Amino acid sequence: MRFTLNGRAVSFAGSGARRLLDVLREDLGATGTKEGCGEGECGACSVLIDGEVVDSCLIAVGQVEGREITTVEGLADGGRLTALQQAFIERGAAQCGICTPGMLLAAHVLLQGSRRLTADDVREGLAGNLCRCTGYTKIIDAVLSCTK
Amino acid sequence: MHEVKYIRPKSLADAVHIYRTTPGCRPLAGGTDLMVMLHARTLRPEPQAVLDLWSVAELKGIRGTKDMVEIGATESYTGIIGSKHVQQHLPALADAARTIGAAQIQNRGTLGGNLANASPAGDTLPVLLAYDVVVVTDRRSIPIDKFFTGYRKTALQADELITAVRFPLGREVAFRKVGTRAAQAISKIVMAVSRNPARIAIGSVAEVPLRARRAEAALERGDLEGTVLAVAEDIRPIDDVRSTAAYRRTVTQNVLRELLESAHRSPRT
């Protein structure tokens, strides 16, 4: 089976019932995606399927055949970070860093909308991404600094 | 290691055929419950294969006719929340869908999955009971009040697939969920109420999503105080990791009172 990972065609030969998370990390070396709870609670393994944010621990890899997957490695354009990634660095929005890839992807989707976001919009939009360092204030500030 | 086979059907007819003829096969929709159990290997009997219904086009979509709204079994909660038919006719369903997980779960969770999984805490299930939906399968239509037969047990036969859920129109339903936080929490209690006809449906207070029949009878008579008293007799809450029986009993009565009063004044916004 085949799918697109960060703009590159990839193929995979094992069982389609394996978790997308495991195939990304173990078979394709895309270790930017982290495993937190493995139960769809924490959002650390968030990736985008055709631009929609999902928990990759809940996706059977067979379900992404022919789809476009974006992981945190796919956000930057070559060596150039996105404004959101730059804001995370400048505002200290990462502590231990495990939640950061998922936070970036969920926030990336949130920022695609046409509306100017409020702090409550960001809190709701990132409700599926838990930060065990509880560094939420700086994460929310970083996302808000990138809204229209 | 035990390897589970992945099967992607070409169509609904193909899926029905595969499900009938493949031993040890489990239907897979958005995976929000099944993938967790598959990975932890807690399913008994352990499945040999998963049948991917997510990619079956006939199971997606939301259609409105003059007397009903039909929602495909694997339409996502995000699709449900964004649907004009749902916003116009079934606002309580949109309310319930918004309380399920967060974006990651709403993009994958489905009514078919919530029904088949039949958790007593399933957030949409009291709403389906309050609307008196019909569960459509590959072979028949099952009224929702005949669907839940025991703890995580349903009226579905071993080789039967849910294809859609049909909602009658013209009913006002109010919804409320009580959890630890607004997002991403499993319910301590979850409730949907219709005044006319009287329907009081509650989750997380018994081994099944429950219709509170004594309370409904009191509501039918217009006895609001009696309705709130009777609901305590209808429910069978337990102490568990999320709450206690005593808390659930008190909150059930308080939430019911609040929903009855708000339904009396105006539909919930």
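Conditions (1) buried (at least 23 other Cβ atoms within 10 Å of the Cβ); (2) under 24 Å from B:VAL56 (Cβ atoms), marked per residue:
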| site | (1), (2) |
| --- | --- |
| A:ARG2 | no, yes |
| A:PHE12 | no, yes |
| A:LEU20 | yes, yes |
| A:LEU24 | yes, no |
| A:ASP50 | no, yes |
| A:ARG67 | no, yes |
| A:THR70 | no, no |
| A:GLU73 | no, no |
| A:GLY79 | no, no |
For this session: Would you point out the residue of segment B:96-113, among those that are within 14 Å of another protein chain (Cβ to nearest Cβ) and within 17 Å of B:PHE147 (Cβ to Cβ), that is surrounded by the fewest Cβ atoms within 10 Å (Cβ to Cβ)?
Result: B:GLY113
Exercise. Would segment B:237-255 turn up any residue that is in contact with a helix residue (DSSP H, G or I) (Cβ under 6 Å, 6 or more places away or on another chain), crowded, with 17+ Cβ neighbours inside 10 Å and of a type in the set (A, V, I, L, M)?
Worked result: no
Exercise. From B:ALA130, B:ALA164, B:ALA155, which residue is in contact (Cβ under 8 Å) with a residue 12 or more places away in the chain, in contact with an Asp or Glu (Cβ under 9 Å, 6 or more places away or on another chain) and more than 25 Å from A:GLU39 (Cβ to Cβ)?
Worked result: B:ALA164
Problem set entry | Complete set of residues in segment A:79-106 that are part of a helix (DSSP H, G or I), in contact with a Gly (Cβ under 7 Å, 6 or more places away or on another chain) and within 14 Å of A:GLY135 (Cβ to Cβ) | A:GLY102
For this session: Hey, could you check segment B:26-62 for residues that are among the basic types (Lys, Arg) and more than 21 Å from B:ALA102 (Cα to Cα) and say which is surrounded by the most Cβ atoms within 10 Å (Cβ to Cβ)?
Result: B:ARG26
Problem set entry | Restricting segment B:71-95 to residues that are β-branched (Val, Ile, Thr) and farther than 14 Å from B:PHE175 by Cβ, the residue that is surrounded by the fewest Cβ atoms within 10 Å (Cβ to Cβ) | B:THR78
Problem set entry | Filter result (part of a helix (DSSP H, G or I) and within 14 Å of the chain's Cα centre (by Cα)) within segment B:98-117 | B:ARG98, B:GLN106, B:LEU111, B:GLY112, B:GLY113, B:ASN114, B:LEU115, B:ALA116, B:ASN117
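We did not get these values from a lab; they are worked out from the coordinates using the rules stated. Note that the structure is predicted; figures quoted are calculated from it, not measured. When we count neighbours, we look across all protein chains shown, and the Cβ atoms used for this are built from the backbone with ideal geometry, even at glycine.
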